[in-house]
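Everything below concerns the one structure shown next.
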Amino acid sequence: MKLLEPIVAWRQDIAAIRRDIHAHPELAFEEFRTADVVAAKLQEWGIETDRGLGGTGVVGIVRGNRPGERAVGLRADMDALPMQEANTFAHASRHEGKMHACGHDGHTAMLLAAARYLSQHRDFAGTVYLIFQPAEEGGGGAKRMIDDGLFTRFPMEAVFGMHNWPGLPVGAFGLTAGPIMASSNEFSIVIKGKGSHAGMPNLGIDPVMAAVQLAQSLQTIITRNRNPLDAAVLSITQIHAGSADNVVPNHAELRGTVRTFTLEVLDLIERRMQEISRHTCAALGCEMTFEFHRNYPPTINHADEAAFCAEVLRGIVGAENVNDHVQPTMGAEDFAFMLQEKPGCYVWIGNGAGEHRDSGHGLGPCMLHNGSYDFNDELLPLGGTYWVQLALQWLARP
């Protein structure tokens, strides 16, 4: 493993920053303290700093000492999740109901490690933009930053992202050209019937039976309308109806999520869901309202940039530790919005299986969005090295 020695030497300092951020988690668009910490460090290291994109976003600008017009962006997310931490170690969350359970504290720290190195080693041509993004966890902070002028104010040729991945060994990386994470979408179908006494259902119109039939019928989209080679998930996760055992209610509601790797499949599923819902409810004498919210598009890596990242990683950890055809996940990531605007690649860095956690960790697994999770500080020099090598090699390309 070829790590940059200065970043290795700073490991404890960067880990202290990471643990401080972990102890003070902030939710989407509330990352005021975190943004202050990031901006203060960037300014301490002599890095030009811009604040306010996406509300609480921070952009560091590192210009090389040699003339050059090329520019590249490196992105880390800063927000935490609205969930209770189960850990009791010293750097556990100090805020009830808020936790860095997805490792964004570590992502921020890895990019800060790279920022510190680049600030002291400017013998390169071009510019590196360090993007510290708010509100990845459902807030669409990437899109907010783009709408606020991220790519017009900071014109970069390409943009790159990275996420820790529990279960993948420390020192290993995963990536793939094409889709690596799915689109994230939510739906709500409200069925309006006519309430009645449950002993006299003929006097009413039962929305519960319509909901049951509709729940089954919607799955035919996956089994009969979708090409079996196109991955997709349609999960009904909530059915709400009624409040008494002897009453047929007036309304029933189905809610859930749809995940796809392409927008074409997503278009198909949304269209068929609306058609099946309308006709099924009409056949049973009910009315319905259908709502479909597209949250995040699929995260699709560009082929050339994915190949470039894989080559950079092989130079750091060896070919045996780089899986450049990793199996995508149906999880979602708002870095997808950035990849819709600019070429780039999103990689996974192995977080291990959880043995790194301090005493006092929760009894649950060290998995993302779990109350027992903690980022692995062993990754800090590795992630920082990757960011630096990626940026420098990208800017040095012919």
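The values are calculated or read from the model by the stated rules, or taken from the named source; none is laboratory data. In this text the structure is predicted, and so the values were computed from the model without any measurement. Heads up, the Cβs are rebuilt from the backbone with ideal geometry, glycines too, and the neighbour counts pull from every protein chain shown.
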The condition of being of a type in the set (Gly, Ala, Ser) and surrounded by 18 or more Cβ atoms within 10 Å (Cβ to Cβ) holds, among 198, 215, 210, only for 210
Looking only at the stretch 215-233, which residues are aliphatic (A, V, I, L, M) and either assigned to a strand (DSSP E or B) or farther than 14 Å from residue 272 by Cα (or both)? 229, 231, 232, 233
Scanning the stretch 7-33 residue by residue, the ones that are surrounded by 16 or more Cβ atoms within 10 Å (Cβ to Cβ) and not in a loop (DSSP other than H, G, I, E, B) total 10
Looking at this structure, is residue 119 of a type in the set (Gly, Ala, Ser) and outside any helix (DSSP H, G or I)? no
Against the condition buried (at least 24 other Cβ atoms within 10 Å of the Cβ) and part of a helix (DSSP H, G or I), how does residue 74 come out, does it pass? no
Among (1) under 22 Å from residue 342 (Cα atoms); (2) in contact with a helix residue (DSSP H, G or I) (Cβ under 6 Å, 6 or more places away or on another chain), there is one condition residue 105 misses while meeting the rest; what is its number? (1)
Just to be sure before I move on: is residue 298 at pLDDT 95 or above and crowded, with 22+ Cβ neighbours inside 10 Å in the structure I sent? yes
Might you let me know whether the stretch 177-188 holds any residue that is assigned to a loop (DSSP other than H, G, I, E, B), in contact with a helix residue (DSSP H, G or I) (Cβ under 8 Å, 6 or more places away or on another chain) and either within 30 Å of residue 379 (Cα to Cα) or of a type in the set (A, V, I, L, M, F, W, C) (or both)? yes
Any chance the stretch 99-109 includes a residue that's out of contact with any Phe, Trp or Tyr (no Cβ under 9 Å at 6 or more places or on another chain) and farther than 18 Å from residue 348 by Cα? no
Condition check: of a type in the set (Lys, Arg), modelled with pLDDT of 95 or more, surrounded by fewer than 17 Cβ atoms within 10 Å (Cβ to Cβ) and farther than 30 Å from residue 393 by Cβ. Does residue 224 satisfy that? yes
Residue set 51, 75, 70, 144; condition free of Cβ contacts under 8 Å to residues at least 60 places away in the same chain, under 30 Å from residue 297 (Cα atoms) and basic (Lys, Arg); output residue 51
If you scan the stretch 369-390, which residues turn out to be surrounded by fewer than 22 Cβ atoms within 10 Å (Cβ to Cβ) and among the acidic types (Asp, Glu)? 377, 378
How many residues of the stretch 78-103 are in a loop (DSSP other than H, G, I, E, B) and touching a strand residue (DSSP E or B) at 6+ places or on another chain (Cβ under 9 Å)? The answer is 16
With 358, 334, 304, 324 as the choices, which residue is charged (D, E, K, R), modelled with pLDDT of 95 or more, surrounded by fewer than 16 Cβ atoms within 10 Å (Cβ to Cβ) and under 30 Å from residue 155 (Cβ atoms)? 304
Taking residue 36, is it touching a Lys or Arg at 6+ places or on another chain (Cβ under 7 Å) and part of a helix (DSSP H, G or I)? no
Near pairs, Cβ below 6 angstrom, 6+ apart or cross-chain, from the stretch 269-287 (of a type in the set (D, E, K, R)) to any residue that is at pLDDT below 95 and surrounded by 14 or more Cβ atoms within 10 Å (Cβ to Cβ): none
Tally up the residues in the stretch 239-270 that are within 16 Å of residue 290 (Cβ to Cβ), among the aliphatic types (A, V, I, L, M) and assigned to a helix (DSSP H, G or I), please. 3
With (1) touching a residue at least 60 places away in the same chain (Cβ under 8 Å); (2) among the β-branched types (Val, Ile, Thr); (3) in a strand (DSSP E or B) as the list, and residue 236 as the residue in question, which single condition is left unmet? (1)
Please specify each residue of the stretch 320-346 satisfying the condition of being touching a helix residue (DSSP H, G or I) at 6+ places or on another chain (Cβ under 6 Å) and more than 18 Å from residue 136 (Cβ to Cβ). 322, 324, 343
